[in-house]
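The values are calculated or read from the model by the stated rules, or taken from the named source; none is laboratory data. What you see is a predicted model; the values in this text were computed from it and never measured. Neighbour counts run over all protein chains shown; Cβ positions are idealised from the backbone, glycine included. The accessibility values were calculated without ligands, DNA or RNA, using every heavy atom of the protein model including side chains. Shrake-Rupley method; radii C 1.70, N 1.55, O 1.52, S 1.80 Å.
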Amino acid sequence: MTKKTIIGGYPFIPYQKETYSEAEVIKRSQEFHSWLDLRRSVREFSDKPIPKTVIENLILSASTAPSGAHKQPWTFCAVSNKDLKQQIRIAAEKEEKESYESRMSKEWLNDLKPLQTDWQKAFLEIAPYLIVVFKKAFELQPDGSKKNYYYVNESVGLATGLLLAAIHNAGLVALTHTPSPMNFLTDLLKRPTNERPFLLIPVGYPKEETLVPDIKRKKLEEVSVFYE
Ligand code: IYR
């Protein structure tokens with residue numbers, strides 16, 4: 001039985017720490033980076049199905065993220081229904097066509113050239129699952145009243161980052177897709193009024209011989225400053 005200690009009236013339990021030697025800590029940090037560096041956004045999916053239990057585990061991993069006041073202000077909607085995926089594709093492509101043809105600036109379109117994206121989003125129907133991440137702007141009580149959530153964007157961003165790492169760990173691929181605007185997801189998935197769409201993430205196996213853009217990550221010196 002876990003020993004509970006009461007602090008300020010609330011239960012605390014011992015932190016279950018993992019103990020490694022310094023050499024192991026160095027090795028683990030290097031190996032984790034090498035492995036995570038292999039993760040790529042993929043836009044071409046195989047239609048090979050994924051067992052539901054895998055998606056459940058991915059969502060459980062994402063949901064271990066820290067969140068403001070531990071409110072866990074997220075909902076992960078997992079869509080495998082073919083009709084619904086088709087409706088999502090149609091609605092997303094409608095917005096995306098409009099964006100690419102008139103809403104996005106010249107500079108923006110130019111910045112996207114190395115990725116060779118366009119308004120067509122066939123992957124929304126081909127990928128076996130779409131995970132639609134919703135953020136909860138506030139808590140809806142059963143009586144209809146509202147309660148605050150805190151640092152919602154930070155919390156849901158962290159959970160989504162863990163989701164991407166879990167997907168990579170499982171040997172699957174994903175895309176953080178951002179059709180804009182995304183309100184059609186609220187309607188199609190019949191989400192309650194306190195939820196806002198955050199990201200649309202197709203998940204699956206990559207299509208055979210998929211190509212990804214030959215882009216480089218910034219060097220350590222470009223993304224960090226050490227104060228010693
Ligand atoms: N939402 C569009 C455009 C797009 C925007 C950015 I910033 C990207 O990094 C990639 C795409 C789309 O998904 O095609």
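Taking R0 as 25 Å, what FRET efficiency do you get between Leu220 and His168 from their Cβ-Cβ distance, rounded to the nearest 0.05? List each step's numbers first, then the result.
Working: r = 21 Å, r/R0 = 0.83.
Efficiency at R0 = 25 Å is approximately 0.75.
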Gyration tensor (Cα) of region 73-228, equivalent ellipsoid semi-axes in angstrom: 27, 23, 18
Reach of Lys71 by Cα under 29 Å, taken over lysines that are not fewer than 8 positions away in the same chain: Lys3, Lys4, Lys17, Lys52, Lys135, Lys136, Lys146, Lys147, Lys190
Span from the region 109-129 Cα centroid across to the region 59-105 one, whole angstrom: 14
Dipole of region 45-208 [Lys/Arg +1, Asp/Glu -1 at C-beta], most positive-end residue of Thr160, Pro206, Thr178: Thr160
Under Karplus coefficients 6.51, -1.76 and 1.60, residue-wise ³J(HN,Hα) of region 66-79 in Hz, glycine/proline x: x, 8, x, 6, 6, 8, 6, x, 9, 9, 9, 9, 9, 10
Theoretical FRET efficiency, 1/(1+(r/R0)^6), r = Cβ-Cβ of Val212 and Tyr20, R0 41 Å, to 0.05: 0.80
Paramagnetic reach from Thr193 (point 7 Å along Cα→Cβ, amide N under 13 Å) across region 56-85: none
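Taking all protein chains in place and a 1.4 Å probe, what share, in percent, of the accessible surface of region 45-208 do carbon and sulfur account for?
51
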Label-to-label distance, nm, for residues given as Thr186 and Glu101 (7 Å Cα→Cβ offset): 2.6
Those lysines that a straight Cα-Cα span of less than 25 Å connects to Lys218, excepting residues fewer than 8 apart in one chain: Lys27, Lys106, Lys113
Vicinal HN-Hα couplings computed from phi for region 209-225 (Karplus, 6.51 cos²θ - 1.76 cosθ + 1.60; Hz; Gly/Pro x): 6, 5, 9, 10, x, 7, 10, 10, 8, 4, 6, 3, 5, 7, 10, 9, 9
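Under a point-charge model restricted to the Cβ atoms of Lys and Arg (+1) and Asp and Glu (-1), what is the dipole moment magnitude of the chain relative to its Cα centre, in debye to the nearest 20? Spell out each step's value before the answer.
Numbers: 32 positive and 29 negative charges, 124 e Å.
Rounded to the nearest 20 debye, it is 600 debye.
If you count only protein heavy atoms with a 1.4 Å probe, what accessible area per residue comes out for region 166-228, rounded to a whole Å²?
With the other protein chains kept in place, region 166-228 gives 68 Å² per residue.
Could you compute the FRET efficiency for Ala137 and Thr176, with r as their C-beta to C-beta distance and R0 at 35 Å, rounded to 0.05?
Values: r = 20 Å, r/R0 = 0.58.
Here the calculated transfer efficiency is 0.95.
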